[in-house]
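K.L.:
Submitted below is the structure of interest, expressed as structure tokens.
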Amino acid sequence: MCGVWVVSRADYWTAARRRTAAERGHALPDGSWPIATVADLRNAIQAFGRAQSPARVARHIVARARALGHVGLVPDHIRRLT
């Protein structure tokens with residue numbers, strides 16, 4: 001593999017990175033639903049059905065989509081909850 005290191009997004013979001021993301025507003029205050037990149041946004045949209053607080057997570061997803069300049073990626077069923 002030519003010395004290339006591949007890190008999955010799950011491994012990337014350590015507890016410390018989640019704390020930092022929460023402090024910056026890129027995750028919910030408890031560190032859940034971190035969205036720092038467009039790839040994270042897509043993952044959050046895909047995982048939305050597993051949200052325990054759908055309205056809260058929908059608001060977060062839409063806010064992060066706006067900040068990243070990709071509101072068009074957010075499906076209507078998520079936008080309607082905000």
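The values are calculated or read from the model by the stated rules, or taken from the named source; none is laboratory data. Values in this document were obtained by computation on a predicted structure and should not be read as measured data. We place every Cβ from the backbone using ideal geometry, glycine too, and count neighbours over all the protein chains shown.
K.L.:
Condition (residue is at pLDDT below 95, surrounded by 16 or more Cβ atoms within 10 Å (Cβ to Cβ) and either of a type in the set (Asp, Glu) or out of contact with any Asp or Glu (no Cβ under 6 Å at 6 or more places or on another chain) (or both)) applied to segment 4-15: is it met by at least one residue?
P.N.:
Yes, segment 4-15 has at least one match.
K.L.:
Kindly establish whether residue 21 is surrounded by 15 or more Cβ atoms within 10 Å (Cβ to Cβ), within 14 Å of the chain's Cα centre (by Cα) and at pLDDT 95 or above.
P.N.:
yes
K.L.:
Taking residue 59 as the residue in question, decide whether it is surrounded by fewer than 18 Cβ atoms within 10 Å (Cβ to Cβ) and either on the phi > 0 side of the Ramachandran plot or of a type in the set (Lys, Arg) (or both).
P.N.:
yes
K.L.:
Still on this structure, please answer the following. Need pairs with beta-carbon distance below 7 Å; first residue of a type in the set (Phe, Trp, Tyr) and within segment 23-43, second in a helix (DSSP H, G or I); sequence gap 6+ or separate chains.
P.N.:
Final answer for the pair search is 33/44; 33/57; 33/60.
K.L.:
Give, as residue ranges, the helices (runs of 4 or more DSSP H) completely inside segment 27-82 that count at least 2 residues that are of a type outside the set (S, T, N, Q) and within 11 Å of the chain's Cα centre (by Cα).
P.N.:
38-47, 54-68
K.L.:
Could you run through segment 55-82 and say how many residues are among the charged types (D, E, K, R) and more than 14 Å from residue 33 (Cβ to Cβ)?
P.N.:
Looking only at that region, the number is 4.
K.L.:
If you check every pair at least six apart or on different chains, which have Cβ atoms under 8 Å apart with a residue in segment 53-68 that is in contact (Cβ under 8 Å) with a residue 12 or more places away in the chain first and a residue that is hydroxyl-bearing (Ser, Thr, Tyr) second?
P.N.:
Qualifying pairs under 8 Å: 55/82; 58/82; 59/82; 62/82; 68/37.
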